[in-house]
Amino acid sequence: MANLALFNLIVYNLLQINLQNVIIFHCWKLTALYPLAQLFSHNSIFSQFIYLNQSHESLANFHKEYLDSELTKLGVFLDMNCAHSAFITNQSSRQRIFTHYFQWSLYDETGNMTQLVQQFENANLSINADVTYIKPAKLHNDSVFILYDVYNKGSHLGGKLNITIDQSVYCNESSCVRQHYLSDLYKRTRLQQRSDLSGITFRHAAVVSKVPINSSEDKLLEFLESENEPHWDFMSRMLYKSNVHLQELFKFNVKFHWMDQWSINDYIGGAMGELVTEAAEISSTPFVISPARLTYIFPLTDVTQFRSICIFRTPHNAGIQMGVFLAPFKPSVWLTFGCLLLFSSLLLWLIFRLEHRWTQHCLQYMPSILTSCLITFGAACIQGSYLIPHSSGGRLAFIALMLTSFLMYNYYTSIVVSTLLGSPVRSNIKTMQQLADSSLDVGFEDIGFTRVYLDSSPRADIRSLVRQKVEKHDPKSIWLTGKEGVLRVRDQPGYVFVSETTFLYTFVEKYYLPHEICELNEISFRPESALYAMIHINSTYRELLKQAMVRMLESGITSKHRLFYSKSKLHCFSNNYVINVGMEYAAPLFIALLTAYIAAILIFVIEIVWARLGRRQLQSV
């Protein structure tokens, strides 16, 4: 029979954890519930009463009708002495309701724990369950209640029911007060006191692509634990190391599910499929977050970065590059400097003309205006002149011309030299669309996530790349191993190879000379993404593992594994490379020289013809 002491205990427990919503499963008379309703109303607690002495058909969907709530946490009180209490616990177990989203208070007036063990020994009771078993200890007209903490590490993984005495609470008809702590549970949080997972076996989805998947488990484990050639399956080996730390910390056992694929399509198949279907609790490989995946899985912490890039050396036949010789000055500067030279040529011609007319002892002949232009151009090129004015004013004008030309010449040459010799020549191809439209050959490393991305990416530039570089070529010529692709990039300037950075950088550092590393161009194949350790979104171990993973991230353990197994950049120093100016830059100079020679020869021929015609006219006269 319900009593005021019990009602006060119900309210006391709810207020201790700041809950304002509760469901009461009972078999009491309505008149007996009036004091409890008054207590709820007085403490601003929203309550709903469910009478259990009714047919199973009426209670068949109780979990949807009463417990399917958007509240972050809901209090549930169950009188275990009611006829259908076992039905409620069994259905709750099937629907996985014994989680941290509900605070269960199981009241047993008889204090017979055998009934509790029978109902919960094989129940789906999770490690994060908030279940309190209450039994009374009568004391005259008042009551002392004994509270027990009830949970299971994971019955489906070999866990056993754990019932731990917690505290005693003294209640009378008006209030409740904690009497004694009966264990040291109060010293630790719920997760801390349940962190020992010894006795249960986690199913571990392990991805290995380097070693045949049908190899013995000892050989597969030896590969994951090895530190040789860390670039192979580096993502799996990196997170496997973290999982080993988790195993040492929580003392759980592991049963491996070996596979050679991350996923088949987003959240289907492979290790991702194992997590989504709850066929595995943890995975040895991290994943990229996607909206579809977040429906089923929960990211714990980021483990490393995932970058896929295209690398290639700039082809030496990339076309004539004349812009480098015009780049130091804007067109307005070139025009101004040309006008200045023309004005200086006219000024010098006038000076020479005046000196020839008025001071004939200085100049024996009168230079033409073309000669003045040649002198001015020679000054602009810092070549000096065999003929200079002799008057003071003329020499000052010539000094001004030489000084201006000196400043312009030094600025111009410094820009050109720094452009040609300051750093390796880079390609103008900077985006995937430019790569798709170019004439360069493209190859891909034959790995699963690259194929999936090419098939499923909605990006317009990737679709264009697939049409022009993949579908029009023989698959054997474009799908290569990492080593083959990197060596082809080294030996064939202009060949493009696509892969993940750790794979690429490992082979580049192994097979490239320092100056060849500095000559590489990079294009981002897909946006850089963080890789996260994942767990099922409804996993009862989610918060426990998350706190441990965050702690490893903060203490530097994750960073240690990341630095060892992954590579994020190549090192290129100024003393690593020797710059050789190719024909793409030298050709414009030779073409200009050849054009000048041809023009000079034509003009010379015209002068000879003109001179001969003049002689014939004189002879005829």
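Note on segment 1-27: residues that are outside any helix (DSSP H, G or I), open to solvent by 40 Å² or more (accessible area, probe 1.4 Å), more than 25 Å from Gln54 (Cα to Cα) and touching a residue at least 12 places away in the same chain (Cβ under 8 Å) total 2. Check whether at least one residue in segment 75-86 is surrounded by 12 or more Cβ atoms within 10 Å (Cβ to Cβ), touching a residue at least 24 places away in the same chain (Cβ under 8 Å), over 23 Å from Leu14 (Cβ atoms) and out of contact with any strand residue (DSSP E or B) (no Cβ under 7 Å at 6 or more places or on another chain), and report yes or no. Taking every residue of segment 75-86 in turn, at least one turns out to be surrounded by 12 or more Cβ atoms within 10 Å (Cβ to Cβ), touching a residue at least 24 places away in the same chain (Cβ under 8 Å), over 23 Å from Leu14 (Cβ atoms) and out of contact with any strand residue (DSSP E or B) (no Cβ under 7 Å at 6 or more places or on another chain).
Of all residues in segment 371-399, those that are within 60 Å of the chain's Cα centre (by Cα), open to solvent by 50 Å² or more (accessible area, probe 1.4 Å) and modelled with pLDDT of 75 or more total 1. Tallying residues that are of a type outside the set (Asp, Glu) and either in a loop (DSSP other than H, G, I, E, B) or within 21 Å of Lys567 (Cα to Cα) (or both) within segment 244-275 yields 8.
Conditions (1) among the aliphatic types (A, V, I, L, M); (2) assigned by the TED database to the domain that holds Gly154; (3) in contact (Cβ under 8 Å) with a residue 60 or more places away in the chain, marked per residue:
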site: Leu504; (1), (2), (3): yes, no, yes
site: Glu509; (1), (2), (3): no, no, yes
site: Tyr512; (1), (2), (3): no, no, no
site: His515; (1), (2), (3): no, no, yes
site: Glu519; (1), (2), (3): no, no, yes
site: Ser529; (1), (2), (3): no, no, yes
site: Val550; (1), (2), (3): yes, no, yes
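Residues that are among the charged types (D, E, K, R), out of contact with any strand residue (DSSP E or B) (no Cβ under 6 Å at 6 or more places or on another chain) and part of a loop (DSSP other than H, G, I, E, B): does segment 49-60 have at least one? Looking through segment 49-60, none of the residues is among the charged types (D, E, K, R), out of contact with any strand residue (DSSP E or B) (no Cβ under 6 Å at 6 or more places or on another chain) and part of a loop (DSSP other than H, G, I, E, B). Residues in segment 207-216 that are under 31 Å from the mean Cα position of the chain (by Cα) and either under 22 Å from Gln547 (Cα atoms) or open to solvent by 70 Å² or more (accessible area, probe 1.4 Å) (or both): Lys210, Pro212. Among the residues of this structure, Lys210 does not count as one that is basic (Lys, Arg) and within 30 Å of Asn43 (Cα to Cα).
A count restricted to segment 413-439 and to residues that are surrounded by fewer than 12 Cβ atoms within 10 Å (Cβ to Cβ), of a type outside the set (Ser, Thr, Tyr) and at pLDDT 75 or above stands at 1. Against the numbered list (1) part of a strand (DSSP E or B); (2) within 16 Å of Arg96 (Cβ to Cβ); (3) open to solvent by less than 10 Å² (accessible area, probe 1.4 Å), Ser168 comes up short only at (2).
The values are calculated or read from the model by the stated rules, or taken from the named source; none is laboratory data. Bear in mind the structure is a predicted one, so any value in this text is a computation, not a measurement. Reconstructed Cβ throughout: ideal geometry from the backbone, glycine too, with neighbour counts over all protein chains shown. Side chains included, ligands, DNA and RNA excluded: accessible areas come from the protein's heavy atoms. Shrake-Rupley method; radii C 1.70, N 1.55, O 1.52, S 1.80 Å.
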